[in-house]
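Notes for the one structure printed next.
Please treat every number below as a calculation from the coordinates, not as lab data. The model shown is predicted, which means the values in this text are computed figures rather than measured ones. Every residue, glycine among them, receives a Cβ derived from its backbone with ideal geometry; neighbour counts consider all protein chains shown.
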Amino acid sequence: MRVVELYSTHDCGLCVEAKKLLTTLQQQFSFELREITLTPEHPHYEKYLALVPVVVIDGTQEFPAPITEQQLLSALVTPGKKFYTGKFFEALGLVTVIFGFVYGLLGNMWMDLYFFLGGIVIFLVGWMLEKQERKQPTDQHSAVSNK
């Protein structure tokens, strides 16, 4: 399970808003929310004091204030099969275009043209799949901001 840490201080209005946003997102995504109040004894006190609220996701992604819903959504949404399929087709398209250039350097003009055009088509199919997948999470979760 993912761990989301919210570093805050006492009497912080932005911290309250960030916690409210995180609890709303917690209803849609599966993660453990840990609220950590910064004190002078805390190891991250010096680092985060001027940046509160700070959201840390899985210990790797840090989001200092001002934290937007879009930042958190993009960090919490994991890409699906369409995204990775699109990335694969994009890479395959680029490799195909490179093969076309190699055939062109060898003097086979028609094979060059076929590989080049085919590579462009394969790349565009992959790009459209990736774009579709990137659109879906924000459309599905835009209801969070409407609440």
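Above 21 angstrom, tally the Cα pairs of the chain and express them as a % of all pairs, no decimals. Considering the chain, 59 percent of its Cα-Cα pairs are separated by more than 21 Å. Estimated from helical segments only, the mean residue ellipticity of the chain at 222 nm is -19000 deg cm²/dmol, where each DSSP H run of four or more residues counts as -39500 (n - 2.57).
Taking the DSSP beta bridges with both ends in the stretch 2-75, the antiparallel portion is around 55 percent.
In µm²/s, what is D for the stretch 2-75 at 4 °C and 1.567 mPa s, where D = kT/(6 pi eta Rh) by Stokes-Einstein and Rh is the Kirkwood radius from Cα pairs?
Working: Rh = 12.3 Å.
For these conditions, the coefficient is 106 µm²/s.
Take the residue pairs Lys19/Lys131; Lys81/Lys131; Lys20/Lys82 and return only those whose Cα atoms are more than 21 Å apart.
Where the Cα-Cα span goes over 21 Å, the pairs concerned are Lys19/Lys131; Lys20/Lys82.
Hey, what did the chain get for relative contact order, percent, Cα under 8 Å, at least 6 apart? Worked out over the chain, it gives 21 percent.
Between Phe63, Tyr7, Leu21, the Cα set farthest toward the positive side of the dipole of the stretch 2-75 (charges on each charged residue's Cβ, about the Cα centre) is that of Leu21. Dipole magnitude for the stretch 55-121: computed about the Cα centre from +1 point charges on Lys and Arg Cβ and -1 point charges on Asp and Glu Cβ, it is near 240 debye.
Once you charge only the Cβ atoms, +1 for Lys and Arg and -1 for Asp and Glu, what is the size of the charge dipole of the chain about its Cα centre, to the nearest 20 debye?
Working: 12 positive and 15 negative charges, 100 e Å.
Charge dipole of the chain: 480 debye, to the nearest 20.
Given a Förster distance of 41 Å, report the FRET efficiency between His44 and Met109 from their Cβ-Cβ distance, rounded to the nearest 0.05.
Details: r = 62 Å, r/R0 = 1.51.
Once the sixth-power term is evaluated, E becomes 0.10.
Of the beta bridges in the chain, as assigned by DSSP with both residues counted there, near 55 percent are antiparallel.
Farthest towards the positive end of the charge dipole of the chain, among the residues Pro40, Asn108, Leu72, is the Cα of Asn108, using unit charges on the Cβ of Lys, Arg, Asp and Glu.
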